[in-house]
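Working notes for the structure below.
Derivation of every value follows stated rules applied to the coordinates shown; laboratory data play no part. If you're wondering where the values come from, they're calculated on a predicted model, not measured in any experiment. Glycine gets a Cβ as well: all are built from the backbone with ideal geometry, and neighbour counts include every protein chain shown.
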Amino acid sequence: MEENVNSQRQEIPQPAAEDLPTEERAAIPDSDKTDSAFLEVKFNKELKKLSLEEATTYAQKGMKFDLLATELETLKALSAAKGVSLPEFVKGLEAADREKRLGELTEKCSGDTALAERLLSAERGEPADDTAELLAEFPNLTRDTVPESVKTAANLKGTGLLFEYLLYEHRQRVAAAEEKSRDKAAREGSLGSMSFGSSESLADAEFIKGIWEE
């Protein structure tokens, strides 16, 4: 009897994971849900495996590149004519465009370059550049002559260039005053050690002192 029952048993087919309710699918281990489908592509002399999602994204980018290929070739030709690389050429275009817009804003700001710089940075979503404010206060400076220590301190501490340069100038003055004080102390020490036994040696000492204090 038992043999007849066993022979009549049929294996019930298991539903595929994608046919299961959401709750049951969530309970399936990740290892069982892994999609083994991928594409192998060669890029920059290296084989890479891309998932179907990654391959789709790159394919869409490639289709867009085909649309821009003509413009890219034009830019390459223009940069070659200028004798510069394509990145340098593009950077030059960006700088020229920025300079042009800055000139327009400066004119609208009645020549206030610092204000125009701030407006341009805000307009383009750039980090605020307070170099113009510093240069306005110290016309003898240029962007290239601002001490690197000042730029580094402003970046690290998040303070303005003007504040850091004022602090730099203060420290320079203090250092110069301390150096002058040390020199004066050294001169006075040298004079004190001289013998003033005669009017001749006293005159010599006064003469030397006069030269040092000039």
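Observations on the model:
- The slack between F43 and S85, meaning 0.36 nm per residue of separation minus the straight C-alpha distance, is 12.8 nm.
- Simple label model, 7 Å out from Cα along Cβ direction - A175 to R101, nm: 3.9
- Taking 0.36 nm per residue of separation and subtracting the current Cα-Cα distance, fully stretching the chain between K151 and E71 would add 25.0 nm.
- In order along region 138-150, phi translates into HN-Hα couplings of 10, x, 6, 8, 10, 4, 7, 9, 5, x, 4, 4, 5 Hz, rounded to whole numbers, per the Karplus curve 6.51 cos²θ - 1.76 cosθ + 1.60 with θ = phi - 60° and x for Gly and Pro.
- Placed amide H near T159: partners under 5 Å, 5+ positions off or other chain: none
- Chain lengthening between L166 and F138 when straightened (0.36 nm per residue, less Cα-Cα): 9.1 nm
- Among the trypsin sites (Lys or Arg not before Pro) in region 41-80, those placed in a DSSP loop whose Cβ has at most 13 other Cβ atoms within 10 Å are K45.
- For region 155-169, backbone phi angles converted through the Karplus equation (6.51, -1.76, 1.60; θ = phi - 60°) give residue-by-residue couplings of 5, 6, 9, x, 9, x, 4, 4, 4, 5, 6, 4, 5, 4, 4 Hz, Gly and Pro being listed as x.
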